[in-house]
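The values are calculated or read from the model by the stated rules, or taken from the named source; none is laboratory data. This one's a predicted model, so the numbers in the text were calculated from it and none came from an experiment. Ideal geometry is used to build each Cβ from the backbone, glycine not excepted, and the neighbour counts take in all protein chains shown. Heavy atoms of the whole protein, side chains included, go into the accessibility calculation; ligands, DNA and RNA do not. Shrake-Rupley method; radii C 1.70, N 1.55, O 1.52, S 1.80 Å.
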Amino acid sequence: MAAAPVAAGSGAGRGRRSAATVAAWGGWGGRPRPGNILLQLRQGQLTGRGLVRAVQFTETFLTERDKQSKWSGIPQLLLKLHTTSHLHSDFVECQNILKTEGVTKRLAEKNDFVIFLFTLMTSKKTFLQTATLIEDILGVKKEMIRLDEVPNLSSLVSNFDQQQLANFCRILAVTISEMDTGNDDKHTLLAKNAQQKKSLSLGPSAAEINQAALLSIPGFVERLCKLATRKVSESTGTASFLQELEEWYTWLDNALVLDALMRVANEESEHNQGASEENGLPHTSARTQLPQSMKIMHEIMYKLEVLYVLCVLLMGRQRNQVHRMIAEFKLIPGLNNLFDKLIWRKHSASALVLHGHNQNCDCSPDITLKIQFLRLLQSFSDHHENKYLLLNNQELNELSAISLKANIPEVEAVLNTDRSLVCDGKRGLLTRLLQVMKKEPAESSFRFWQARAVESFLRGTTSYADQMFLLKRGLLEHILYCIVDSECKSRDVLQSYFDLLGELMKFNVDAFKRFNKYINTDAKFQVFLKQINSSLVDSNMLVRCVTLSLDRFENQVDMKVAEVLSECRLLAYISQVPTQMSFLFRLINIIHVQTLTQENVSCLNTSLVILMLARRKERLPLYLRLLQRMEHSKKYPGFLLNNFHNLLRFWQQHYLHKDKDSTCLENSSCISFSYWKETVSILLNPDRQSPSALVSYIEEPYMDIDRDFTEE
């Protein structure tokens with residue numbers, strides 16, 4: 001649904017709970033509180049009394065009132081609910097009336113009704129039921145509501161207690177995320193560009209308006225940071241057991257979760273009973289053990305929603321404002337303090353999982369919290385100087401010492417970091433992440449997210465000190481082990497590891513020395529090349545970084561650099577023209593304008609890097625002539641170069657109007673964006689006499705360069 005990363009379980013993804021869930025109440029003790037329609041239906045069936053509170057109106061009367069008041073058929077549906085709520089009636093049919101006959105959809109059509117529901121959240125008695133209903137309605141609503149239309153929104157949110165605010169984040173997760181049609185074509189850059197042009201004419205989207213509305217509420221972000229970083233012991237309130245249980249019920253999607261929690265409680269009870277018998281102490285029952293187990297998972301689920309909201313705000317238009325507030329309210333040090341005990345706590349036999357799943361399944365709340373945490377770190381670190389808050393004071397001093405030893409200026413962002421806002425303790429958050437990353441099992445789904453989070457710390461202008469900080473902690477060897485020795489098969493994990501390896505090694509002689517020391521046999525090197533060549537979409541960023549590094553090293557006069565150039569297998573491999581031409585041909589051949597996405601557009605930019613460096617050496621005509629020969633050898637004259645011509649036309653359209661993307665290209669390559677633009681213009685020169693123009697190498701019968709790809 002969302003353009004931003006989506007927290008599992010948030011928003012429209014929840015379905016209604018099954019009849020088994022309602023039946024499971026009997027095993028927990030106590031009586032369900034009135035208010036939940038499904039609970040009342042089930043109670044009515046079991047007792048034979050039906051919906052005893054329903055007023056007996058005739059269907060004719062309801063139909064007539066429906067026409068007058070435009071209630072969209074909802075009264076008649078309620079009558080059906082009453083009819084099917086008696087003894088021996090089909091409870092599943094009741095659910096189907098609620099779900100498939102459109103109550104939620106019809107309610108969603110009434111925008112004023114949805115806005116009115118927010119006013120019911122002022123009462124604690126109706127808060128949970130109202131929040132659940134709003135969430136269901138927003139999940140099917142075609143157009144997103146605007147929070148600035150909610151009466152007294154600031155007062156409403158400010159008066160929520162922390163527990164209510166955490167629940168409210170489930171609604172916010174829907175309202176601040178961009179709507180998505182679910183059509184894969186919408187993810188192409190052509191479609192995104194068209195949508196952006198349309199959006200510019202329409203003004204800010206509802207999601208952007210909602211983000212701004214929330215950020216205008218005094219103390220809103222501060223309270224989210226407190227929720228995200230509070231300890232389980234701090235969340236204990238005065239609510240009764242049944243009140244806690246009722247709130248838990250609104251969070252659970254099905255009875256399987258209740259069963260899992262009951263297993264946790266029983267295992268704890270057996271463990272405590274055994275320990276008590278050994279010590280001669282009385283043991284507590286499973287019933288009294290249950291709340292603590294629930295509170296831990298409850299807190300995890302709270303943090304899921306809160307971290308998601310913070311993550312979306314970090315990627316929105318007010319990113320810098322959110323960054324300042326998150327830093328000021330010490331979100332990062334707070335998460336660092338929770339890392340071992342809650343976020344990355346060790347799995348036990350009692351870890352909560354759903355029936356039919358395992359502890360490594362993404363459906364587990366524990367797993368989902370970890371992934372959302374890693375997404376937040378990625379968003380926080382990406383191209384922002386606040387990334388140094390992930391370190392502690394000792395680690396910041398280490399960065400300064402690295403720069404001093406290398407006789408290079410300290411990074412300005414390090415000097416400007418407010419030391420009162422960084423992590424405390426023996427290790428910062430980045431170091432903790434590296435430690436768990438190196439211990440992660442080969443099949444773990446975390447590897448992708450961990451690599452992305454660490455890579456975001458390195459993105460932007462290349463920092464030798466940042467690279468050495470990570471190299472000293474064995475990151476390069478870990479990556480190479482995963483790529484070569486474990487022969488990782490996951491394409492997503494491979495791509496994230498190749499991207500991270502490229503950022504770690506770029507322009508760094510010490511990194512290439514370490515690489516050559518690890519990849520110390522031809523057999524290992526061939527496995528590494530096999531992984532690279534198996535999918536250039538995944539590995540092209542590494543190819544780009546090595547190509548750029550080779551160009552810089554070749555222009556340096558230094559004994560250490562000369563030694564690396566003469567010994568490193570990877571640099572020797574990339575330096576060969578046939579190797580570069582093979583990469584160039586395949587990079588251009590695997591992408592087309594109509595299939596370009598944010599993921600594979602890097603292939604186009606890597607091919608441009610190869611040609612820009614050739615242009616610097618006055619070898620651009622040679623490379624174009626070789627591409628032409630390769631076309632003919634493959635029996636596809638004109639196919640590749642026509643495609644490349646169209647891709648470069650799109651490149652101009654895409655990048656010349658997007659400042660952020662162009663800045664990223666410049667910072668990551670250390671090639672001025674003006675040189676990028678000049679090279680593309682030279683390649684697109686229509687003069688067939690120009691030795692550096694693509695058209696000079698496309699024979700007339702095969703010329704196809706004027707296609708209007710925007711309409712295809």
**Request:** Among the residues of region 590-599, write down those that are farther than 16 Å from V680 by Cα and buried (at least 19 other Cβ atoms within 10 Å of the Cβ).
**Result:** I591, L596
**All positions within region 604-661 that are among the aromatic types (F, W, Y) and either touching a residue at least 40 places away in the same chain (Cβ under 8 Å) or open to solvent by 40 Å² or more (accessible area, probe 1.4 Å) (or both)** = Y623, Y636, F639, F644, F650, W651
**Fill in**
The residue that is nearest to the chain's Cα centre (by Cα), considering only those in region 415-455 that are over 20 Å from D366 (Cβ atoms) and polar (S, T, N, Q), is T431
**Message:** So D112 ticks every box in (1) within 15 Å of F160 (Cβ to Cβ); (2) at pLDDT 85 or above but one. Which box is left unticked?
**Reply:** (1)
**Message:** Against the condition under 21 Å from L565 (Cα atoms), open to solvent by less than 30 Å² (accessible area, probe 1.4 Å) and within 22 Å of the chain's Cα centre (by Cα), how does G460 come out, does it pass?
**Reply:** no
**Request:** Would you be able to say whether some residue in region 393-409 is within 23 Å of I326 (Cβ to Cβ) and at pLDDT below 95?
**Result:** no
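Here is a check on your reading of the model: is L500 over 22 Å from H383 (Cβ atoms), within 21 Å of the chain's Cα centre (by Cα) and not in a loop (DSSP other than H, G, I, E, B)?
On the way: over 22 Å from H383 (Cβ atoms): no; within 21 Å of the chain's Cα centre (by Cα): yes; not in a loop (DSSP other than H, G, I, E, B): yes.
No.
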**Prompt:** Is there a residue being assigned to a helix (DSSP H, G or I) and without any contact (Cβ under 8 Å) to a residue 40 or more places away in the chain anywhere in region 506-518?
**Reply:** yes
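Say we look at region 683-705 and pick out the residues that are of a type in the set (G, A, S) and without any contact (Cβ under 8 Å) to a residue 24 or more places away in the chain; which of these is farthest from L648 (Cα to Cα)? Quick ask: steps written out before the conclusion?
First pass over region 683-705, keeping only residues of a type in the set (G, A, S): 690, 692-693, 696.
Filter once more, keeping what is without any contact (Cβ under 8 Å) to a residue 24 or more places away in the chain: 690, 693.
On the way: S690: 17, A693: 12 Å.
Among residues in region 683-705 that are of a type in the set (G, A, S) and without any contact (Cβ under 8 Å) to a residue 24 or more places away in the chain, the one farthest from L648 (Cα to Cα) is S690.
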**Request:** Quick one: in region 358-392, of everything that is surrounded by fewer than 20 Cβ atoms within 10 Å (Cβ to Cβ) and touching a Ser or Thr at 6+ places or on another chain (Cβ under 7 Å), which residue is modelled with the highest pLDDT?
**Result:** D382
**Complete:** Here the residues within region 622-644 that are more than 16 Å from R688 (Cα to Cα) and assigned to a loop (DSSP other than H, G, I, E, B) are K634, K635, Y636, P637
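Which is part of a helix (DSSP H, G or I), open to solvent by less than 60 Å² (accessible area, probe 1.4 Å), touching a Gly at 6+ places or on another chain (Cβ under 6 Å) and β-branched (V, I, T), of V114, V174? Walk me through it before giving the result.
Numbers: V114 fails: touching a Gly at 6+ places or on another chain (Cβ under 6 Å).
Going through V114, V174 in turn, the sole match is V174.
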**Message:** Condition check: in a helix (DSSP H, G or I), among the hydroxyl-bearing types (S, T, Y), open to solvent by 60 Å² or more (accessible area, probe 1.4 Å) and farther than 30 Å from D706 by Cα. Does S549 satisfy that?
**Reply:** no
**Item:** region 198-224 residues that are farther than 17 Å from A166 by Cα, paired with ones that are aromatic (F, W, Y) and surrounded by 17 or more Cβ atoms within 10 Å (Cβ to Cβ) (beta carbon under 6 Å, 6 or more apart)
**Value:** none
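Taking the condition of being open to solvent by 40 Å² or more (accessible area, probe 1.4 Å), in contact (Cβ under 8 Å) with a residue 60 or more places away in the chain and not in a loop (DSSP other than H, G, I, E, B), how many residues in region 137-149 meet it?
2
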